[in-house]
1. Using the 10 angstrom Cβ neighbour count as an exposure proxy, how do Cys187, Cys96 rank, fewest first?
2. Output ³J(HN,Hα) for the stretch 212-222: one whole-Hz value per residue in order, computed from phi by the Karplus curve 6.51 cos²θ - 1.76 cosθ + 1.60 with θ = phi - 60°, and x for Gly and Pro.
3. For the stretch 160-203 and the stretch 246-272, what is the centre-to-centre distance using only Cα atoms, to the nearest Å?
4. Stretched out fully, how many nm does the piece from Glu352 to Asp394 gain, at 0.36 nm a residue minus the Cα gap?
5. Which of the listed residues, His294, Leu272, Ala354, is farthest toward the dipole's positive end in the chain, when Lys, Arg count +1 and Asp, Glu count -1 at the beta-carbon?
6. Check Glu369: other-chain or 5+ apart residues with amide H under 5 Å from its amide H, H built from backbone geometry?
7. Checking the cross-link filter: which aspartates and glutamates have an alpha carbon closer than 13 Å to that of Lys269, excluding same-chain neighbours under 8 positions apart?
8. Given H placed 1.01 Å from N in the peptide plane, which residues other than close sequence neighbours of Lys323 have an amide H under 5 Å from its amide H?
Amino acid sequence: MQVLKSMVVVAALVSAAAGADKRDLGRETLAPGDGWGSFSTGTTGGAAADDDHVYVVHDRQGLVAALANRSATPKIIQVEGTIDANVDDDGRPLTCDDYARNGYSLDAFLAAYDPAVWGRVPPSGPLEAARVASQQAQQERVRIRIGSNTTIVGLGKSALVRGAWLDARDADNVVIRNVTFRDTHDCFPQWSPTDGSQGNWNALYDAVSLRNTTHVWVDHNDFADVETADEGLPTYFGRLFQVHDGHLDITNASDLVTVSWNRFTDHDKVMLIGSSDSGSTAAGDRGKLRVTLHHNLFENVGQRTPRVRFGKVHVYNNLYDVKKVPSYVYSWGVGIESQIYAESNLFQTDQEIAPADLIARFNGTAIHESGTNVGGPADKDLVDVLAAYNAANDPHLSGDVGWAATLFTTIDPTRRVLPAVRSRAGPMEW
């Protein structure tokens, strides 16, 4: 009997110890020195929330209610199960047809604005107005606004947000962790006949957008298009009917952001940092858009990993798997006055993608690049990607970006990036 009592006591102590050691991702804050998000006051999200402001949400209505109209009160919002943004107030699914307004139909739109009929000028008139009204109707459903001092965290590895646009605008101190984001899509993309030589369909809605928002930590999430993947989309006017914008866009003077240990897959335009080259935008963006990207997986993606304007962006220890990607364009976009500091990143490519293809210039003049591994498991496979770019392009890019990254915890040797990111990026069980 005494032995049995002793076993019960030991079991209780072990259980209590396990409970004490159990992580609470919602209360965790960004570690000191972990990228730009840790600078100045750091990023804590809603970690200071009292018990009355810790929520478990299971649907769109619950998520919107917990966010309390962008309240700045510290709050932790735990996502359990699947939240679908394209539903009505009673949780019934909504289709693209349900958002159509003022007689809009895609068939009518295509007939009216076919370049062979309409010409290569932007659409106008009642049908274009109906498209805009329909798009706004969907936006009212899928756009979910995030206020200051907020943590959104997935419970376990199965928390999923589908079809939503999480929009942090004019906010400070936001944490988004451990959530799977799927299929954010625009039912009513804009036809832009003068975008490029052939025109393009341009969509709204990012899975997550940061606009004029500071001190942000985006960590251990998973972003992908599955049911709305590009390969399943139709072609109209000779161009892909693109219903996606960005996975994660950081624009409009946002600042001090750390993006770590995420998976970004099966998408075209992944991450835009800085929204415009214009003089009015530059006045607000200069000195802002400081972002750190580390230990993220970019797989089967086309471009913008990231594309940068103005910002000082530290890009290190990321894994780029761009093998057999027909839509591949580039990885690092050097935009106007951008100052990308890239080090110890690993690329898995095929023979179709040369080191020079990894960089694209968009009115920028410089990028620091070092320790880049292209196509091999060992440090002997390091490639001077900037030199390869300059050998193939004119004008050349400088390697002097005017600053050196100092806000980081540990930069792994490039050879360790593959196993670390493959095993640890994305949502965690907790």
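1. Details: Cys187 24, Cys96 16.
Ordered by Cβ neighbours within 10 Å, fewest first: Cys96, Cys187.
2. Karplus values, whole Hz, x for Gly and Pro: 6, 10, 10, 6, 10, 10, 10, 9, 6, 9, 9.
3. Using only Cα atoms to place each centre, the spacing works out to 11 Å.
4. Here the segment from Glu352 to Asp394 would lengthen by 13.0 nm.
5. Looking along the dipole axis, the top candidate is His294.
6. For Glu369, whose amide H was placed from the backbone, the distant partners under 5 Å are Ala342.
7. Leaving aside aspartates and glutamates fewer than 8 places away in the same chain, those within reach of Lys269 are Asp206, Asp225, Asp230, Asp245, Asp249, Glu299.
8. Asn300
FYI, it's all coordinate maths here, none of it is from the lab. Because the structure is predicted, anything quoted here is derived from the model rather than measured. All Cβ positions, even for glycine, are placed from backbone atoms using ideal geometry, and neighbour counts span all protein chains on display.
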